[in-house]
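Working notes for the structure below.
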Amino acid sequence: MRRVGMIRGAAAAIVSALFAIGCVEQGPAAPTPPTPPSPLTGAYTLTLEPSAVCHLPVPRFAWDVEATSSGTASETQTMLVRATLPGGDASVDLNLAAALDSVTTGTLTARSAMFGEETLRLGLGGGVRATISAGPAGRSQVVDGTYNGEIALAPPEDPDPGSAGSCTAANHRWTLVPR
């Protein structure tokens, strides 16, 4: 009998020890280092949608642009990205600075840029913010951009840059997706 009691006591001690081990709180795991955003290079479509508060005659603007990047973001280097109309035409000019955590900030400007089949010219000037993410075929893209600034529309020869409508808002949306 005494032997059965010792075995029960030992079994109880082992179960208690296992329970105690399972309840030991472990410290936080080491953080995963951020993955640097891949460069944005080549043919893209830049799309801008005015904020819902705007009442402009055009609901969406889109241009085929060419993007170049200065390399890859790292702990010591910011990746610079520039997208313009083909041939380096800066009538539409997107400039970005991407950090290691993929958050990017910069500017979007358009100086008398024409778009689509419209007979209006567009003026833009403001700040952008977005996240660079992986896109189709391993190419990077921006699908969640915000533009804080003015959108102004006018006929080509009108000296008033906003005669066909203008709107300034902090929540215009933009994307830059591979073509």
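Applied to region 120-128, the Karplus parametrisation 6.51 cos²θ - 1.76 cosθ + 1.60 on θ = phi - 60° returns per-residue 3J(HN,Hα) values of 10, 9, 10, x, 10, x, x, x, 10 Hz, with x for Gly and Pro.
Of the solvent-accessible surface of region 60-179, computed with a 1.4 Å probe and all protein chains present, 51% belongs to carbon and sulfur.
Ranking 131, 170, 154 by Cα position along the charge dipole of region 58-179, where only Lys, Arg, Asp and Glu carry charges on their C-beta atoms, puts 131 farthest toward the positive end.
Positive contributions from Lys and Arg (+1) and negative ones from Asp and Glu (-1), summed over other residues with Cβ under 12 Å from the Cβ of residue 176, come out at +1.
The values are calculated or read from the model by the stated rules, or taken from the named source; none is laboratory data. Source: prediction; values computed, not measured. A quick note on method: Cβ atoms are made from the backbone with ideal geometry, for glycine too, and the neighbour counts reach across all protein chains shown. Note: areas computed on protein heavy atoms with side chains; ligands, DNA, RNA excluded. Shrake-Rupley method; radii C 1.70, N 1.55, O 1.52, S 1.80 Å.
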